[in-house]
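Note sheet for the following structure.
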Amino acid sequence: PPLPQESVAELKHRLQRMKALAELAKVPPASAEASAELQRRLKRARDLELRIRQKRAERAKAEAQPSEESGGTAGAASSEKAPAYQRFHNLAQDVPPGLTLPYKFKVLAEMFRSMDAIVGMLFNRSETVTFAKVKQGVQDVMRKQFEERHVGQIKAVYPESYRLRQEKNIPTFSSSVKKSDYQLTLEPVLAEGEKVDGRPHLSASRLLERRKEFNRSLVNIVKQHHKAFLASLSPALAVPDDRLTRWHPRFNVDEVPDIPPAELPRPPQADRIATAQEVLSTARGAMTPKMEKALANMALKAAEVSAGEPVAPNAPSPASASSALKGVSQALLERVRAREAQRMRALLTRAPQQEERLAMLARLPAMARVLRNVFVAEKRQALSLEVACARMSDSCPTQMSPGDMEKHLRLFAELLPDWVSLHPIRTDTYMKLDKGKDLNVIAERLARAIKEAEAP
């Protein structure tokens, strides 16, 4: 039957649309240069994708390797790729130099504090303190991983802190650990008199004493490395430990090696074969000659490896004078080095009070001109100490409280009594300044005072 007019018109419209789409889909043939450029870009994209896959595979392989080794090698492993906030922790401290500890030592001290608090709580409740309980508590407090290696480091730093034992038949309340399994237990070492109601008690004062003792031990460990560093200098420095107040400026505190962990008690085990030599001696005669020969070769190789372990190198000898010092008298170099060593020795043994006084003396030359301008602007021969401190605090570029400013003004009166004098009158103290003095002479006298204060 013939189609209606509407269907024929719709078919014609569809045919026209298909023809128009076919015209649009026609792409002009690409030139040879354009196709070559597309081929180069496609090859470059494939190379980049291959490199990315290789890097991902290397990264996954590196992450899959164990990050910790057993024994002392785990404690002595160097952290070459440690984060910057750990490697430069000492430089970012907002405290005076002093005897600051490395970042990893501070983390260990915090672990000991948390561990001691948890052990004290469990010990005072007459509970058997196991490592599993302490580990969970320390990790909840520190938000850091706490392993047996850290307990070994704590034992190495403070050997008299705990008695460690392997015990069994301890209720675990856990499906992963059986009651018959051995567990590492910790018991704090206390004196005879530290008892409450006839049984030992770990008090808060004792916790504080143990914490201070642990920190002192950490500082002593860093002092030993610092002493070795001073001995490697040219000329060598010898500073008594009891007089040391700060580290050498070139001593990188955060590069101090980790503390090797002490050996922890291990659960008793039956005869366990661990080496090829033990296998050979145990099963000799019960295996084929070929297998016996292979085990003998393996035992020989293990013995050679253990015998050829590298010995720790000695401290490097001081480097010789550089080529820039050629032609300079050796006697002059020795005098300069001796003077520098003497200055450094005085710096390392300087008390905090002397350091504060030196810092105040260093500010006085710039403050002298400001102080004279204050008296000239006020057009007075004397000012009350309170007013002088307020005017100086407003005029000095360094922000300083009125109390600190008063200390500096009194230091002026102590060092230069003929230029600045203080006169207590009734309840107030007045300051008088001689405006006729030459400021260059004042600056020279202050520089001399700074040099005398810096001298050992």
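The values are calculated or read from the model by the stated rules, or taken from the named source; none is laboratory data. Source: prediction; values computed, not measured. With ideal geometry, Cβ positions are generated from the backbone for all residues, glycine too; neighbour counts draw on all protein chains shown. For the accessible areas, the whole protein counts, side chains as well, though only heavy atoms, and no ligand, DNA or RNA atoms are used. Shrake-Rupley method; radii C 1.70, N 1.55, O 1.52, S 1.80 Å.
For (1) modelled with pLDDT of 90 or more; (2) among the basic types (Lys, Arg); (3) loosely packed, with under 15 Cβ neighbours inside 10 Å, each residue gets a yes or a no:
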| site | (1), (2), (3) |
| --- | --- |
| ALA228 | yes, no, yes |
| ARG243 | no, yes, yes |
| VAL253 | no, no, no |
| PRO267 | no, no, yes |
| ARG272 | no, yes, yes |
| GLU278 | no, no, yes |
| LYS293 | no, yes, yes |
| ASN297 | no, no, yes |
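Just to be sure before I move on: is ASP258 modelled with pLDDT of 70 or more, in the same structural domain as GLU147 (by the TED database), surrounded by 11 or more Cβ atoms within 10 Å (Cβ to Cβ) and in a helix (DSSP H, G or I) in the structure I sent?
Details: modelled with pLDDT of 70 or more: yes; in the same structural domain as GLU147 (by the TED database): yes; surrounded by 11 or more Cβ atoms within 10 Å (Cβ to Cβ): yes; in a helix (DSSP H, G or I): no.
Against the criterion (modelled with pLDDT of 70 or more, in the same structural domain as GLU147 (by the TED database), surrounded by 11 or more Cβ atoms within 10 Å (Cβ to Cβ) and in a helix (DSSP H, G or I)), ASP258 does not qualify.
Candidates in the stretch 179-198 are the residues that are farther than 16 Å from ARG266 by Cα and exposed (fewer than 10 other Cβ atoms within 10 Å of the Cβ); of these, the one that is modelled with the highest pLDDT is ALA191. Every listed requirement among (1) open to solvent by 60 Å² or more (accessible area, probe 1.4 Å); (2) small (Gly, Ala, Ser); (3) over 23 Å from MET431 (Cα atoms) is met by ALA341 save one, (1).
The listed residues are SER205, SER217, SER234, and the only one of them that is surrounded by fewer than 11 Cβ atoms within 10 Å (Cβ to Cβ) and of a type outside the set (A, V, I, L, M) turns out to be SER205. From the list GLU378, GLU356, the one residue that fits, being over 26 Å from ASP242 (Cα atoms) and not aliphatic (A, V, I, L, M), is GLU378.
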